[in-house]
Amino acid sequence: MDNIKIKILGNELILMRLTLKGWTALEGIKKGMDDAVSTKDFDNYFIHTVRFIETASLPLEIDWEKVPWYEVAYAYSTAVKLNTPTIEFPILKGNKEDNKRAPWEYDGRAWFFWLNLFAGNYGWTEDKIAELDIDTAIGLYQEISLDDQLDKEWEYGLSEISYPYNSSTKKQEFKPLQRPAWMSPLIPKQLPIVRMRKDMMPQGNIVDLSLEPIKSNKHGI
Amino acid sequence: MEYKILNFPEALKIASILAKHVDVQEARGMEGWELSSKIFSSISSDEVAIVARAFLGDFRQMNSEEILKLCTDIMERNNILDLLEAYTVMGFSQ
């Protein structure tokens, strides 16, 4: 993706698509912005917004206190769009797990996560990993996760715990290993209409329990 | 008179007051004076003082009609409805 030039107080600001290491810094700044939103700390939100824009742009001396709010908002939204994955990776979708901070989390951990992932899987150097494009990094992350899950399923299938005993059928039945949400089959937006034979439909009076109860007459009917 | 253009922190503070009283979709169909009348009749006197001070600085020498007219113009120049929409998108008004 090419750099984008925008005007801030009449000066040209060049926004860039960052490589992986720079992008992890942006993710850290976004967390700071989320914290500022939750506490409605406008000053802190502003500081993080400016830091986000400055991280994603070539250096330019700007007094951000004097910049109109709409120019700041435009610069931020442009920087976000430029530094977003361009491919809809399934691994980025799926249910968001509990967002509580794990004990091993700390500010700046994201870079070490990616460094460990690619160095461990491919033996790449730190410089090579730092220069990856965001789409490439996330695509490879998905493939590594997929391989891990399929390897786990293979090993799991060879063990007896994958065949728990079902007391009602008195048999051991295969129970597949749970897959993460992003690997689950897609639910169709429109469910297919299933036609049923008339003789298989319920017979007799159908009582709609969602309606209000009919008041009984003096005979209790 | 030089019209005040809000910087980012000022805009967020103003949006935090106005967002409670303005339905952006409904306001899109209003004239500027209609919207500012609705706003100033809905917000508290303390909030009026905060908004007027942010837009006009020292407004003590002005009458209410002048304040309303100037605030209407300044809100238009600051794209106040876009600000309120952006305020919601950022996540502040949830």
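The values are calculated or read from the model by the stated rules, or taken from the named source; none is laboratory data. This is a predicted model, so every value here is computed, not measured. Because the Cβ atoms are built from the backbone with ideal geometry, glycine has one as well, and the counts that use them run over all protein chains shown.
Computed quantities for the displayed model
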read-out	value
From A:36, A:75, residue being within 14 Å of another protein chain (Cβ to nearest Cβ), among the hydrophobic types (A, V, I, L, M, F, W, C) and more than 23 Å from the chain's Cα centre (by Cα)	A:75
Any chance residue A:46 is at pLDDT 95 or above, in contact with a Phe, Trp or Tyr (Cβ under 9 Å, 6 or more places away or on another chain), more than 8 Å from every other protein chain (Cβ to nearest Cβ) and closer than 23 Å to residue A:106 by Cα	no
Yes/no for residue A:66 being within 21 Å of residue A:130 (Cα to Cα) and either surrounded by fewer than 17 Cβ atoms within 10 Å (Cβ to Cβ) or in contact with an Asp or Glu (Cβ under 6 Å, 6 or more places away or on another chain) (or both)	no
Long-range neighbours under 9 Å by Cβ, at least six apart or interchain, first residue under 12 Å from residue B:32 (Cβ atoms) within the stretch B:58-74, second β-branched (Val, Ile, Thr)	B:71/B:39; B:71/B:51; B:74/B:5; B:74/B:80
Inter-residue pairs, beta-carbon under 6 Å, first free of Cβ contacts under 8 Å to residues at least 24 places away in the same chain and in the stretch B:13-36, second surrounded by 14 or more Cβ atoms within 10 Å (Cβ to Cβ) and part of a loop (DSSP other than H, G, I, E, B), 6+ apart	B:21/B:43
Selection count where residues are out of contact with any Lys or Arg (no Cβ under 6 Å at 6 or more places or on another chain), in a helix (DSSP H, G or I) and either over 15 Å from residue A:89 (Cβ atoms) or free of Cβ contacts under 8 Å to residues at least 24 places away in the same chain (or both), scope the stretch A:117-135	9
Condition met for residue A:167 (exposed (fewer than 13 other Cβ atoms within 10 Å of the Cβ) and either in contact with a Phe, Trp or Tyr (Cβ under 6 Å, 6 or more places away or on another chain) or modelled with pLDDT under 90 (or both))	no
Failed condition for residue A:109, given (1) of a type in the set (D, E, K, R); (2) within 14 Å of chain B (Cβ to nearest Cβ); (3) surrounded by 12 or more Cβ atoms within 10 Å (Cβ to Cβ)	(2)
Failed condition for residue B:30, given (1) of a type in the set (A, V, I, L, M); (2) over 26 Å from residue A:67 (Cα atoms); (3) modelled with pLDDT of 85 or more	(3)
Residue that is surrounded by the fewest Cβ atoms within 10 Å (Cβ to Cβ), among those in the stretch A:136-156 that are touching a residue at least 12 places away in the same chain (Cβ under 8 Å) and among the aromatic types (Phe, Trp, Tyr)	A:156
In the stretch A:31-71, the residues that are touching a Leu at 6+ places or on another chain (Cβ under 9 Å) and of a type in the set (Phe, Trp, Tyr)	A:42, A:45, A:46, A:52, A:69, A:70
Positions within the stretch B:46-76 being of a type in the set (Phe, Trp, Tyr) and within 16 Å of residue B:33 (Cα to Cα), in sequence order	B:55
Leading residue by the ranking (surrounded by the most Cβ atoms within 10 Å (Cβ to Cβ)) among those in the stretch A:51-61 that are in contact with a helix residue (DSSP H, G or I) (Cβ under 8 Å, 6 or more places away or on another chain) and within 14 Å of chain B (Cβ to nearest Cβ)	A:53
The one condition in (1) touching a strand residue (DSSP E or B) at 6+ places or on another chain (Cβ under 7 Å); (2) modelled with pLDDT of 95 or more that residue A:52 fails to fulfil	(1)
Given (1) among the β-branched types (Val, Ile, Thr); (2) more than 14 Å from every other protein chain (Cβ to nearest Cβ); (3) surrounded by fewer than 17 Cβ atoms within 10 Å (Cβ to Cβ), index of the condition residue A:80 fails	(2)
